[in-house]
Amino acid sequence: MSPESKPLSIGLLGPLSVRLNQTPVMTSAPKQRQVVALLALYAGRVVTGATLVEELWGDSPPRSYATTLQTYIFQLRNALAAADPDNPHARQLLSTRHFGYLLEEEACQVDVEVFTRHVRAGRAAAEAGNHHLASEEFSRALQLWRGPALVDVRMGRVLEIEAASLEESRLGALERRVEADLALGRHADLLGELTLLTAWNPMNENLCAFLMTALYRTGHIARALQAFHRLRSVLNHELGVEPGPRLQRLHAAILSGDATVLEAGSIPHARHEVALSQPAHDG
C-alpha cells in the first residue's frame, strides 16, 4: 500500500492530528491523546501495556490501571469507527497483541516516518555530493513540521524522551540543509535565517560556524569575528568552556585570511571541506 493510499493519517510534528480518510478522528481526552501519540510513534510495532502505563501514570498507576487503559483503547476504536462509519474494519486499525497494542503500519501514515525518509534521502544525496538534491530533501523534511513536536499533547516520561529526540532530529536536518545551501553558494540568502537561528541557539557551534562562513563569504569579516566572540562569551559564562577546536580553526583562518580553510566538519557528519571564497569587502 502506497503512502498516499493509507487511510489513517497521523501528524505528530506539531499539534496532534488524526484523520481517517480525511475525516478528523476525535481524540479530546488528554490521556487518550497520549495513547494515540505513543502508538503512532511506534506504528507497526507493539507498544506494551507496561510502556503505556509508564507514559500515562509513571510510578504511580491507579489500582484500576489495566481496566482504565482498556477503556482508552475501546474509546479510540470507537473514535475510528465514528470517523468512518461505513468501514467495518475501522476498529481493526488498532489491534490487540500479546502484552500490548499495535497501530497497523500498512494502513497508517505518520509524518514522523515521512520526515525520517526525507532526512535519509538528504543524507544519501549529501554523501554523493548532490547538494541540490540534499537541500531539497532536507527542506521537504522540515516543511512537515507545524510547530514543536506534540505541542498540544500532555507528555509523560516516555513521550518527553521521544519529543526531545524528534527536536534534535529537526535541528540536525536544519543544519544539514544549511550546509547544503552553503555548498551551493547561497551565502547571502542564508544570512537572515542564520542570524535568527544563532540568536535562538546561542550555544550551538554548528550554526555559529555556518553564520561565520556566510558572513565571511559575503565580505562581512568583522561580523564573522563578532559572531565567534558572542558564542565564546556565552560558552564561557554558561559552561566555563571554550569553543571547540573546529570553530577555533575557522576563527583562526578568518583572522589570517586563509581562504583555503573552512570548517565544513563543524558538524559531526560532515566529511568534506569547502574552501572559503575571498570576500569582496569587510563588513
Separation between the R91 and A164 pseudo-spin-labels, each 7 Å from Cα along Cα→Cβ, expressed in nm? 3.9
Accessible area of the chain belonging to carbon and sulfur atoms, whole % at 1.4 Å probe: 53
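Percent of Cα-Cα pairs more than 24 Å apart in the chain, please. Could you put the intermediate results ahead of the total?
Values: 23195 of 39903 pairs.
Here the long-distance tail beyond 24 Å is 58 percent of all Cα pairs in the chain.
How large is the dipole of the range 1-184 about the Cα centre if only Lys and Arg carry +1 and Asp and Glu carry -1, each at its Cβ, rounded to the nearest 20 debye?
Working: 19 positive and 22 negative charges, 99 e Å.
Its charge dipole is roughly 480 debye.
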Dipole of the range 124-170, positive direction: furthest Cα of M155, G129, L166, with charges on the beta-carbon: M155
How big is the gap, in Å, between the Cα center of the range 105-172 and the Cα center of the range 26-89? 24
Is the range 83-203 best put as rounded, prolate or oblate by its Cα gyration tensor, with a ≥ b ≥ c the root eigenvalues, rounded for a/c under 1.5, and otherwise prolate when a/b is larger than b/c, oblate when not? prolate
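Could you rank D111, D152, D86 by how accessible they are, 1.4 Å probe, largest area first?
Numbers: D111 20, D152 70, D86 140 Å².
Heavy-atom accessible area, descending, gives D86, D152, D111.
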Round to the nearest 0.05 the FRET efficiency obtained for Q75 and A124 when R0 = 45 Å and r is the Cβ-Cβ distance. 0.60
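Could you tell me the relative contact order of the chain? Use alpha-carbon pairs under 8 Å, at least six residues apart, and round to a whole percent. Spell out each step's value before the answer.
On the way: 412 pairs, mean separation 47.3, N = 283.
The normalised contact order for the chain reaches 17 percent.
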Please give the per residue accessible area of the chain, computed with a probe of 1.4 Å over protein heavy atoms only, in Å². 50
Cα→Cβ-extended label distance, 7 Å offset, between F99 and E238, nm: 4.0
Candidates L196, L150, L207; GNM for the chain (alpha-carbon contacts under 10 Å) flags as most fluctuating L196
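The values are calculated or read from the model by the stated rules, or taken from the named source; none is laboratory data. Treat the numbers as computed from the prediction; the structure is a model and nothing was measured. Methodologically, a virtual Cβ is constructed for each residue, glycine included, from the backbone with ideal geometry; neighbour enumeration extends over all protein chains shown. The area values use the complete protein model at the heavy-atom level, side chains included, leaving out ligands, DNA and RNA. Shrake-Rupley method; radii C 1.70, N 1.55, O 1.52, S 1.80 Å.
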